[in-house]
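Accompanying notes for the structure given below.
We did not get these values from a lab; they are worked out from the coordinates using the rules stated. Note that this is a predicted model, so its numbers are computed, not measured. Heads up, the Cβs are rebuilt from the backbone with ideal geometry, glycines too, and the neighbour counts pull from every protein chain shown.
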Amino acid sequence: MLKQMPWILSGAIALLAGCVNPSPPVQNQDQLSQTEIGSVAAFSDEAYATVLRTYVNADGLVDYSTLQSNPQGLKDFVGKLAAVSPATYAAWSENEKIAFLVNAYNAITLESIVDQDPLKGSIKDIFGVWNFKRHRVMGRSLTLDMIEHEILRKDFQEPRIHAALVCAAISCPPLRQEPYTGDRLNEQLDDQVRRWLSGAHGLKIDRAENRVSISAIFKWFGEDWQNAYRTDNQFTEITENEKERAVLNFISNYVSPEDKAYLIQESYKLDYLNYDWSLNQQ
């Protein structure tokens, strides 16, 4: 997820767009819709929920060694991702789609780690893990980069996904002990943002040095916050960068009143935390 990724080749982009089958005749649309609604109800993330409860601790770190010795539940869930059809996905609400894709990204990342024997010290040591290795998801052959950059970031105006996507690094946001769900997505994403910013790898306010340091994720993907959090009259003395002002505006909504008051003042230096790519293992 969190890296300077190479541009995906045009052929891969075409693949992501997919070769869509011709639309069924109009008279069959209602019947298809009812069939797909039934498929929505049939999809279950319980196997993934069990994996998260069992192998992820309260700090969001993963017991990869034990998971590696008992991966069947994780593989069962990843297998179910392939069985979701494009029409089933299209029938879901926006929140259900986002939850599904975030869960898919995180589960495939976990599988990518435990498939390595011995375990790698960093996900970056796995060749092509983001932009070469393909996975079957909702009837498509997708890379992790495609899921993140060509679907989640492209199709949805939801910058909070960056607090939820976990690329198996120490500096990533913490992995939740539960899957994301459409009916609770807003609550879960808000909680994730707060957990991420309250940890050592999301936000650091050093009043003694008059310095605010934020995750490099905000630098890599700063444009994702501009639409919803753009501000032209706050943080202007801190930075001339519109993306950074939008990020600071976003962050100020998820911190304590004391920290918010400090952030909106105009007398500190803004910089970025070093990104630790070491494996997020217990």
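Side notes on the structure shown:
- Most simply put, the chain has about 65% antiparallel DSSP beta bridges, counting only bridges with both residues inside it.
- 16 Å reach of a label modelled at residue 236, 7 Å along Cα-to-Cβ, counting backbone N of segment 251-271: 264-267
- Taking only alpha carbon atoms, the chain gives an Rg to Rh ratio of 0.99, where Rh is the Kirkwood radius.
- The calculated P(r) of segment 203-272, using every Cα pair and 5 Å bins from 0, goes 3, 18, 31, 29, 15, 2, 0 in percent.
- Segment 60-137: chymotrypsin sites (Phe, Trp or Tyr not before Pro) falling in loop per DSSP and having at most 12 other Cβ within 10 Å: 127, 132
- The GluC sites (Glu not before Pro) of segment 142-226 meeting both criteria, a DSSP state outside H, G, I, E and B (loop) and at most 13 other C-beta atoms within 10 angstrom of the site's C-beta, are 209.
- Distance between the pseudo-spin-label points of residue 274 and residue 211 (7 Å out from Cα toward the beta carbon): 1.2 nm.
- For the pair segment 238-263 / segment 194-213, the C-alpha centres are spaced 11 Å from each other.
- Of the chymotrypsin sites (Phe, Trp or Tyr not before Pro) in segment 148-224, the ones in a loop by DSSP (not H, G, I, E or B) with at most 16 other beta carbons within 10 Å are 156.
- Anchor residue 154: aspartates and glutamates whose Cα lies under 18 Å away (excluding residues fewer than 8 positions away in-chain): 94, 96, 145, 223, 224
- Bridgeable lysines around residue 204 (alpha carbons under 20 Å apart, same-chain partners fewer than 8 residues away excluded): 219, 243, 260, 269.
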